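Just so it is clear, none of the values below were taken in a lab; they were calculated from the coordinates. If you're wondering where the values come from, they're calculated on a predicted model, not measured in any experiment. Counting neighbours? That spans all protein chains shown, and the Cβs are built from the backbone with ideal geometry, glycine included.
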Amino acid sequence: MDLSLSAEHEMLRDTVRRFAETEMSPLVEHAEETETFPRQLFRLWAEQGLLGVRYPESDGGSGFDKLADCIVREEFSRVNQAFASAWSAHTHLGIWPIWKTGTQAQKERFFLPALQGEKIAAFGLSEPDGGSDIRAMRTKATKVDGGWRLNGSKLYITNAPIADFILVAARTAPELKPESISLFIVEQPDPGFRITALKKHGIRGSETGLIYIEDAFVPDDCLLGEVTGTYPVILDSLSENRVGVAANCVGIAQGAFEASLDYARSRVVRGRTIGAYQAIAHRLADMSAEIEAARWLVNYGAWRVDQGEIDAATAARVKLIASETALRVTESAVRLHGGAGIMREYAVGRFHNDAMVYVIGEGTAEIQRNIISRSLGLEKP
Ligand SMILES: Cc1cc2nc3c(=O)[nH]c(=O)nc-3n(C[C@H](O)[C@H](O)[C@H](O)COP(=O)(O)OP(=O)(O)OC[C@H]3O[C@@H](n4cnc5c(N)ncnc54)[C@H](O)[C@@H]3O)c2cc1C
């Protein structure tokens with residue numbers, strides 16, 4: 001197994017880093033302050049071929065692999081996780097299932113315009129009573145002439161307030177089991193969808209919605225895949241995306257680490273830069289070692305995806321380690337900054353709030369531990 005980066009991967013990292021620093025960074029402050037996502041970013045990403053990184057050229061993508069996808073994520077998150085989250089909900093959660101199981105017509109209508117930045121995608125799985133527990137999903141789809149009627153609600157949906165279409169999970173059979181869930185592509189705005197933007201402590205520059213769905217009509221051709229047949233697709237999509245989200249966590253940690261290193265070199269206390277004190281130097285050494293370990297684990301996860309061998313437990317291990325690393329590293333970053341760490345003028349507090357999102361979103365750390373422990377053959381609770 002060779003986990004080293006190819007010349008193309010290195011070039012991609014340099015290009016994306018430059019792009020993130022020059023085009024994305026200037027938009028961060030306004031987006032975070034106003035809690036609004038700058039929609040023009042989707043056009044800019046499309047122009048750079050950054051919306052289809054992991055999709056084959058034959059399907060309209062840029063023809064890279066999962067490792068490349070992880071590099072892009074790390075570089076975006078190093079600058080701002082809110083923008084990286086909007087990108088992730090769009091390029092993976094909202095369109096990967098369409099790429100995997102959509103009809104040619106669905107791909108032309110939704111997948112391709114999404115790769116070209118013409119339509120923004122979101123993915124609605126979580127609900128007020130069904131976040132960790134998909135089994136508790138209540139949103140229902142009832143068969144009617146020519147289509148389906150959707151009723152229910154979705155909570156904490158990234159991009160929902162700005163989406164042109166939302167991939168909505170709904171129960172198409174009455175049994176409370178995951179196998180009774182289907183996916184629908186719902187164009188927005190839709191008179192049956194009421195979407196409210198939520199206020200957040202983390203990833204404030206992305207827009208997250210609460211959705212009420214009342215008698216929304218979805219035509220038959222917007223059902224994705226087989227009726228009650230898409231649960232395995234959802235699970236595969238989540239596994240692959242957990243490796244991606246782990247790369248985001250490495251980027252968050254890296255951004256906080258670099259800010260801390262700069263601060264340790266410039267902040268003078270009792271006549272010495274604080275980096276000269278061993279307690280601070282060791283803190284930075286631990287941060288750098290933990291980031292390096294998480295990055296190699298992400299590369300391994302990406303390699304497993306590229307081999308077509310990713311399983312739920314491996315993805316859970318990668319996501320668990322990277323997300324908790326980001327949380328520890330960003331906490332260290334805030335503490336190393338002293339009082340400045342609490343001030344909005346410095347980015348480390350934002351990095352810490354953003355890291356907190358990823359021990360919760362995409363399946364909490366406890367749920368990742370449940371997945372891993374089940375793979376160890378332990379009895380189900
Ligand atoms: C900013 C943000 C963006 C998001 N974007 C999206 C999105 O785009 N699409 C989408 O569908 N969802 C999205 N989510 C939802 C996210 O996936 C859920 O918040 C997450 O899965 C947890 O569900 P919950 O919030 O209902 O927590 P709960 O399920 O209520 O969990 C509460 C606590 O109980 C623990 N817990 C629950 N069950 C167990 C168990 N069996 N064993 C041990 N501990 C348990 C949890 O770990 C947690 O600590 C987003 C969330 C956030 C915060």
Amide H to amide H under 5 Å from Thr230: which residues, 5+ apart in sequence or cross-chain, H placed 1.01 Å off N in plane?
Leu183
Please work out the Cα center distance from the range 344-360 to the range 3-38, rounded to the nearest Å.
17 Å
As a percent rounded to 5, the proportion of antiparallel DSSP bridges among beta bridges in the chain is 85 percent
Out of residues 5 or more away from Lys119 or on other chains, whose amide H comes under 5 Å of its own, with H placed 1.01 Å from N in the peptide plane?
Ala114
Neighbourhood net charge (14 Å Cβ-Cβ; Lys/Arg +1, Asp/Glu -1) for His337:
+2
Helix-only CD estimate at 222 nm, as mean residue ellipticity for the chain, using -39500 (n - 2.57) per DSSP H run (n ≥ 4)
-15000 deg cm²/dmol
Kirkwood Rh, Cα Rg: Rg to Rh for the range 76-141?
1.05
Surface/4 of the Cα convex hull for the chain, nm²
19.4 nm²
Using a Gaussian network model of the chain whose springs link C-alpha atoms within less than 10 Å, name the residue from Glu345, Glu207, Glu324 with the highest mean-square fluctuation.
Glu345
HN-Hα J in Hz across the range 341-357 - Karplus 6.51, -1.76, 1.60, θ = phi - 60°, x for Gly and Pro:
x, 8, 7, 5, 4, 9, 7, 5, x, 5, 4, 5, 4, 5, 5, 4, 4
Regarding the range 54-192, what is the average projected area of its C-alpha convex hull, in nm²?
9.2 nm²
3J(HN,Hα) from dihedral phi, the range 9-24, Karplus parametrisation 6.51/-1.76/1.60, rounded to Hz, x for glycine, proline
5, 4, 5, 4, 4, 4, 5, 5, 4, 4, 4, 5, 6, 8, 9, 8
With no solvent term and unit scatterers on the alpha-carbon positions of the range 121-224, Debye gives log₁₀ I(q)/I(0) at q = 0.23 Å⁻¹ of -1.24
Using r as the Cβ-Cβ distance of Leu44 and Leu378, and R0 as 45 Å, what FRET efficiency do you calculate, to the nearest 0.05?
0.45
How big is the Rg/Rh ratio for the range 231-375, C-alpha atoms only, Rh by Kirkwood, two decimals?
1.07
Can you list residues whose amide H is under 5 Å from Gly124's amide H, if they're 5+ apart or on another chain and H is modeled 1.01 Å from N?
Leu167, Val168, Ala169
Mean projection of the alpha-carbon convex hull of the range 7-115 over all orientations, in nm²?
6.6 nm²
Just grab the label-to-label distance for Met343 and Asp215, each label 7 Å out from Cα along the Cβ direction, in nm (one decimal).
5.6 nm
The range 194-275: radius of gyration over Cα atoms, expressed as a fraction of 2.2 N^0.38 Å:
1.91
Unit Cα scatterers, Debye sum, the range 308-381: log10 I(q)/I(0) for q = 0.18, 0.20, 0.22 Å⁻¹:
-0.72, -0.80, -0.89
